[in-house]
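Dropping the structure in here first, questions after.
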Amino acid sequence: MRFILGFIGSVFAVILLISFFSNLATYFQSPPAPLAAEEFHREPKPLALSSDGPFGKFDKRQLQRGFQVYSEVCSACHSLKLVAFRDLKGLGYTDAEIKKIASDWKTQVPSTNPDTGEPSTRKALPSDNFPAPFANDIAARAANNNAVPPDLSLMVKAREGGAAYVYSLLTGFQNQPAELLKKFPDAKTPPGLHYNPYFANLNLAMPPPLTSNGQVTYADGTPATVDQMAKDVAAFLVWTAEPNLEARHAAGTAAAIFLLFATILAYLAYQQIWHDAKRIVRVTGPLEPKNQARTRRAKAKEGIAG
C-alpha cells in the first residue's frame, strides 16, 4: 500500500514539473504583450509636508486651507464618514465656528420626523459625522458616470504613496500622450473617463476637480494655485486618516529617549558591578573528587570491581 501511494505521489510530482517547465518555456517563447498601464503609469511625485518624519507636526493653517478645499470642492462627491464636525477642533477651530460649520453644511443629516415617523433630514450638529453627499450608491453612480466616489477619511492610508498619491492625482490630469496612442491605439481614453498617469489603469471617472487658480479663496490670503490647493487638501487628508499623529510621534520620541537612558544606566551598572567579577567554575558531577571517592567506597562495600 505504501509503495502504491509513493508511486502515485511521484507521478503527480512529475506532472507538476512537466507543467511548470512547459509554461516557463511558453512564457519565454511568447512573452505577454506589454500593457499601456504598465508603460505609462507614473509613481507619485515627491511631496514634503510638515507632518512627515518621526518629529513631524501638523501645520494647522495648511489643514484649515485643506478643509476649505474639501468643503468647497471635494465634498460635492466624496464623503468623510469617519470624521465628526467636533473633530475640527484639532484644526484650531473654536466651538462656535464648528457649530456654524455643521449648521451650514450643504448636506443635511438623515433623520426621522418625531411626529410622523417619516424619514426626514435635519441640520448637522457638532457631534455628527460628516454626512454623505449622496443618499446611496445608486444615486452616487447616477451622478458620476456609474462610479461611486470613494470615502476620503482613510484615503492616504488606503493608497500606495499616501499624501503624495493624492497630490499627484489631483495635479496629474492631462491629455493622452501621442506616444501612447501610437503604441497602443486601442488604449484611447473612453468617453466619460479622464486620462491621469498617476491612476492605476490611467483612466478614471472623476473629472479634474481643481481646474484653475483661485478656484478657492483662502481665508488667510494664501494664493490658491492648483498646486497649492492639491498640497493643502492632501495634508488635510493625512490629518483625517490619523488625527493623533502628533501624539503618536511624541509618545514614540519619549519611549526612544527612555530606552536610550535605560540602556546607558544598564551599561554603567554593568561596568560598576559586574565588569571586574571573576567567573568561578566549580567542578561538580561524577568527576568531582569527593563524588569519585564516595563511588569507590560504595562499590567496595557491594563487592563490585572497579
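All of the numbers you see were taken from the coordinates with simple rules; none came from a lab. Values in this document were obtained by computation on a predicted structure and should not be read as measured data. Using ideal geometry, Cβ is built from the backbone for each residue, glycine included, and neighbour counts are taken over all protein chains shown.
At 7 Å along Cα-to-Cβ for each site, give me the label-to-label distance between Ala298 and Ala200 in nm.
Result: 7.4 nm between the two label points.
Ok, one more. So how far apart, in nm, are the two label points at Asp52 and Arg248 if each is 7 Å from Cα heading toward Cβ?
If labels sit at Asp52 and Arg248, their model points lie 1.8 nm apart.
Regarding the chain, what are the three Cα extents along the principal axes, ordered largest first, in Å?
107, 63, 51
When we measure straight from the Cα of Lys157, which lysines land under 25 angstrom away, once same-chain ones fewer than 8 places off are left out?
Partners within reach: Lys45, Lys57, Lys60, Lys81, Lys89, Lys231.
Full-extension gain between Asn113 and Ile264, please, as 0.36 nm times their residue separation minus the C-alpha to C-alpha distance.
47.8 nm
Then there is this: Please go through the range 75-183 and write out the GluC sites (Glu not before Pro) that DSSP classes as loop and that have at most 13 other C-beta atoms within 10 Å.
Glu160
Find me the longest stretch of the chain that has none of the exposed trypsin sites (Lys or Arg not before Pro), where exposed means in a DSSP loop (not H, G, I, E or B) with at most 14 other Cβ atoms within 10 Å.
Of all site-free stretches, the longest is 189-277.
Pop the C-beta distance of Ala158 and Ala135 into the FRET formula with R0 = 35 Å and round what comes out to the nearest 0.05.
According to the calculation, E is roughly 0.90.
Still on this structure, please answer the following. Just to confirm the filter: which chymotrypsin sites (Phe, Trp or Tyr not before Pro) across the range 1-30 are DSSP coil and have at most 12 other Cβ within 10 angstrom of their Cβ?
In loop regions of the range 1-30 (DSSP not H, G, I, E or B), there are no sparsely surrounded chymotrypsin sites (Phe, Trp or Tyr not before Pro).
Just from its helices, what would the mean residue ellipticity at 222 nm be for the chain, if runs of 4 or more DSSP H residues each count -39500 (n - 2.57) and the sum is divided by every residue, rounded to the nearest 500 deg cm²/dmol?
Taken over the chain, the calculation gives -14000 deg cm²/dmol.
Once you have the Cα-Cα distance between Ile101 and Thr211, take 0.36 nm times their residue separation minus that, and quote the gain in nm to one decimal.
The Ile101-Thr211 span can extend by a further 37.1 nm.
Asp59 to Arg2: extension gain in nm, 0.36 nm per residue of separation minus the Cα-Cα distance?
Answer, rounded to one decimal: 13.4 nm.
Oh, and also: Would you mind counting up the charge near Gly172? Only other residues with Cβ under 12 Å from its Cβ, with Lys and Arg at +1 and Asp and Glu at -1.
Summing Lys and Arg as +1 and Asp and Glu as -1 gives 0.
Now, a different point. So which lysines can Lys299 reach, going by Cα to Cα under 24 Å and dropping same-chain residues fewer than 8 places off?
List returned: Lys290.
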